[in-house]
Every structure is written in C-alpha cells, then in structure tokens.
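Written out below as structure tokens is the structure these notes cover.
The values are calculated or read from the model by the stated rules, or taken from the named source; none is laboratory data. These numbers were taken from a predicted model, which means no experiment stands behind them. All Cβ positions, even for glycine, are placed from backbone atoms using ideal geometry, and neighbour counts span all protein chains on display.
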Amino acid sequence: MELNFRQCKDNDIDQLLAISKSTFINAFEKDNKPDDFNTYIGIAFNEKVLLSQLRNPDSFFYFVYLDTHVIGYLKLNQNQAQTELRVAEGMELERIYVVEAFQGRGYGLGILRKVQEIALRLDKRYVWLGVWEKNKKAIRFYQRYGFSKFGTHPYYIGTDEQTDWLMRCDLTTLPN
C-alpha cells in the first residue's frame, strides 16, 4: 500500500495534538521520570505551542496516510525555524513518528523519501536531525539510510538533561 501525505493546516490542530502526544508518550514515557515527562508533555504538546509552530512559514507538518488512516506525522524546519544549525542549505527533520501498530512495516523509508522530495524542492543539500542517544532503534534506522553523527546537544525532558545525537544525511545519499 502506498503512503500519502497531506500538509497540516490550522483546522488540523486537534488531530495533530492527539497524534503528537500519543506517539511521543508511547515512544518515551517508560524511559523517563514521570514528573519531568509530564512537565515536558504539558509544555511541548499544547495547542498554543503547536498552533504557533504550525503557522510558522518555515515549519511544515505533514500527516502520513495509509489509505484513509493517519499512521504518523512529520515536522520539518528550515531557516530560522531550525532548532540548531539555522543554515539555508540544510533542513531539520525535527519529528518523524509512526503509530506503534504500523511500525516495523517499512513506512519509515517512505517517509524519508517524502522528506527528501520536500527538501530538494526547497533547494536544500542535506537533512539533519537530533535523536536521543538511548534510542538505539532510531539511530540504527537513520544510519541504515545514510545519516551519520556529526555532534551532540543537550535536550531537556523537564529538568532531566539528556543527550541527542545530531545526525546528517546529504540528500543525494537518501534512497529514491
């Protein structure tokens, strides 16, 4: 089955909020302190914050569809919306999440192909991202498709300082 993508708009905020929270909670709640995790969820995944990001002309949210079902979403940032590098030739893949029931079926590659398509259309040379150093499954996924580590940065879940690997992939090396 083929994946389809639709850029999110303001009227998608409730669905975007729901999938953002549920996929993040599913992925990371078990590995974090409850107080810190709940604080983070309240700050990062509230309507006001997501709506502000959604309205930023340099950020792009997309729902990932399989038939008529939303099975994931992604968020891309360019220019000053990037959380770190803020360079014109790069694009940040800030979020890429697939609903747990659809993980392990190869959809991640389809999503990366869409990221590549969008980035090339916007004249980017590479895509970069941050991934928690303890998320070995995600790190292996990104490495399999050409991403390599180029640095680290701190990432806070509440008051808990964690380390993200910064990874980058030249667009010419992503599978097409």
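Summary table
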read-out	value
Region 40-70, residues that are in contact with a strand residue (DSSP E or B) (Cβ under 8 Å, 6 or more places away or on another chain) and in contact (Cβ under 8 Å) with a residue 60 or more places away in the chain	TYR40, VAL64, TYR65, LEU66
GLU47 in contact with a helix residue (DSSP H, G or I) (Cβ under 7 Å, 6 or more places away or on another chain) and among the charged types (D, E, K, R)	yes
Residue check for PHE147: surrounded by 14 or more Cβ atoms within 10 Å (Cβ to Cβ), of a type outside the set (Ser, Thr, Tyr), closer than 30 Å to ASP36 by Cβ and in contact with a Cys (Cβ under 6 Å, 6 or more places away or on another chain)	yes
Residue in region 94-115 that is under 15 Å from the mean Cα position of the chain (by Cα), surrounded by fewer than 20 Cβ atoms within 10 Å (Cβ to Cβ), hydrophobic (A, V, I, L, M, F, W, C) and closer than 22 Å to ARG55 by Cα present	no
Verdict on ARG121 being within 19 Å of ASN77 (Cα to Cα), touching a strand residue (DSSP E or B) at 6+ places or on another chain (Cβ under 7 Å) and either surrounded by fewer than 17 Cβ atoms within 10 Å (Cβ to Cβ) or among the polar types (S, T, N, Q) (or both)	no
Strands (runs of 3 or more DSSP E) contained entirely in region 1-87, each with at least 2 residues that are among the polar types (S, T, N, Q), surrounded by fewer than 17 Cβ atoms within 10 Å (Cβ to Cβ) and at pLDDT 95 or above	3-7
